[in-house]
Amino acid sequence: MVKPIVIVGKGSIGQRHSDTLTVNFPDIPVVHLGAGIRSGATPADIVAEVISYDPRCVLVASPAHLHAAHTLPLLAKGIPCLVEKPMALTAADADAMLQASINNHVALQIGYNLRCRSEYQEIVSLLPLLGNIQWASFHCGQNLKQWRPNRELDQTASGVREWGGGVIWELSHEIDLAVSMIPGLKLEHAIVTRGIFPLSVDEVAMLTLSNAHQKPVHIHLDLHAFTPNRTIRVCGTKGQISADFIARTVTVDFGQGPITKEFPPENTYFSQLSSFLAHIEAGSFVSEDTQQALEVVNLVEKVYQYTSQ
């Protein structure tokens with residue numbers, strides 16, 4: 001009998017996981033459960049129901065404030081978990097999840113699926129050719145009302161700060177990309193604004209960090225931009241990379257003029273899930289990616305500490 005994959009969370013990401021499994025893994029049974037937000041089920045109730053299915057793994061796509069409560073008991077039972085981003089809303093919870101993975105020798109992966117994009121992999125392969133990094137910038141923005149059309153924003157995870165809403169957590173992909181590409185990041189300055197939307201969430205964040213060699217790294221996150229954008233630029237002593245994740249291009253310039261490479265559309269949810277299942281089959285239980293997801297949570301905590309002073 002083939003063990004099912006259980007999905008926890010019926011929001012947009014949970015539905016994407018369900019669709020990806022149905023289309024690409026038709027031989028694997030799928031059980032799709034709610035996170036308990038509307039039913040009133042407790043995390044313990046949800047976990048008990050998940051365990052009753054004896055799953056091969058669980059995709060945790062509940063609101064971020066429930067990630068640790070849903071994931072920790074499953075890891076303790078030896079059940080592999082792919083947890084949507086962000087890993088958790090506190091460094092203590094994220095660290096507990098990482099330690100549970102290590103202590104129980106069970107796979108834990110975080111859903112920063114932009115790492116599966118060919119553009120990202122191209123950038124990573126080119127970084128050593130740039131020489132010493134002099135500066136880098138990561139920009140991402142989209143108007144929240146365009147992103148969540150025809151929905152009451154305060155009824156979505158994006159619009160509830162306690163659930164992990166707001167620009168920093170929603171667009172923490174950019175922080176993850178920065179952490180993965182540039183070692184030793186340290187927060188230097190942060191500006192976070194809110195107040196335009198009738199919500200309590202962060203709307204714009206401008207973060208200035210430095211790398212291990214005190215070179216500037218800028219991260220701009222924005223829920224007001226009317227033209228969606230997601231770009232990365234990295235400049236070194238020998239060349240520069242510019243990537244546009246919406247246009248699906250990477251441009252390099254080593255001083256002899258820019259060269260642009262285009263990439264086809266990709267289903268990163270399929271790539272991510274395939275990688276996760278391969279980790280399970282190989283018996284590997286923790287990766288550098290997961291450790292870096294904890295670094296993301298640590299950095300975000302520092303941003304909130306800095307801006308609350």
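Each reported figure results from applying straightforward, stated rules to the coordinates on display, with no laboratory input. Everything numeric here is computed off the predicted structure, so don't read it as measured data. All Cβ positions, even for glycine, are placed from backbone atoms using ideal geometry, and neighbour counts span all protein chains on display.
A compact table of results
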{"quantity": "Estimated FRET transfer efficiency when R0 is 41 angstrom, pair VAL124-SER308 (beta carbons, to 0.05)", "calculated": "0.75"}
{"quantity": "Straight-distance crosslink candidates among lysines, where the alpha carbon sits under 18 Å from LYS3 and sequence neighbours closer than 8 are dropped", "calculated": "LYS77"}
{"quantity": "TRP135 long-range amide H proximity, modeled H, under 5 Å", "calculated": "CYS235"}
{"quantity": "Segment 276-294-segment 39-80 distance, computed between alpha-carbon centres (Å)", "calculated": "18"}
{"quantity": "Helix 268-282 axis, angle to the chain major axis (alpha carbon atoms, nearest 10°)", "calculated": "60"}
{"quantity": "Sequence-distant residues sharing a close amide H with ARG194 (under 5 Å, placed H)", "calculated": "GLU203"}
{"quantity": "Integer Hz, Karplus 6.51/-1.76/1.60 couplings in order for segment 54-66, x for Gly and Pro", "calculated": "6, x, 6, 6, 10, 9, 8, 10, 6, x, 4, 5, 9"}
{"quantity": "Residue order, fewest to most beta carbons within 10 Å, for MET206, MET97", "calculated": "MET206, MET97"}
{"quantity": "Extension gain (nm, one decimal) between TRP147 and ASN267, 0.36 nm per residue minus Cα-Cα", "calculated": "41.3 nm"}
{"quantity": "Options (1) 27, 26, 19; (2) 32, 23, 19; (3) 39, 23, 18 - which one matches semi-axes √(5λ) of the Cα gyration tensor in Å as calculated here", "calculated": "(2)"}
{"quantity": "Where a label projected 7 Å from the Cα of ILE51 along Cα→Cβ would reach, residues of segment 63-89 with amide N under 20 Å", "calculated": "66-83"}
{"quantity": "Average Cα contact separation per residue, the chain, under 8 Å, 6 or more apart, as relative contact order %", "calculated": "19"}
{"quantity": "Extreme residue, positive dipole direction of the chain, given options VAL192, HIS105, TRP169 (C-beta unit charges)", "calculated": "VAL192"}
{"quantity": "Ordering of 20-33, 236-249 by packing [mean C-beta count within 10 Å, highest first]", "calculated": "236-249, 20-33"}
{"quantity": "Quotient of Cα Rg and 2.2 N^0.38 Å for segment 118-265, N being how many residues it contains", "calculated": "1.12"}
{"quantity": "Members of LYS215/LYS302; LYS238/LYS302; LYS85/LYS261; LYS85/LYS215 lying beyond 23 Å, as alpha-carbon distances in this model show", "calculated": "LYS238/LYS302; LYS85/LYS261; LYS85/LYS215"}
{"quantity": "Value at 222 nm in deg cm²/dmol, rounded to 500, when DSSP H runs of n ≥ 4 in the chain each add -39,500 (n - 2.57)", "calculated": "-10500 deg cm²/dmol"}
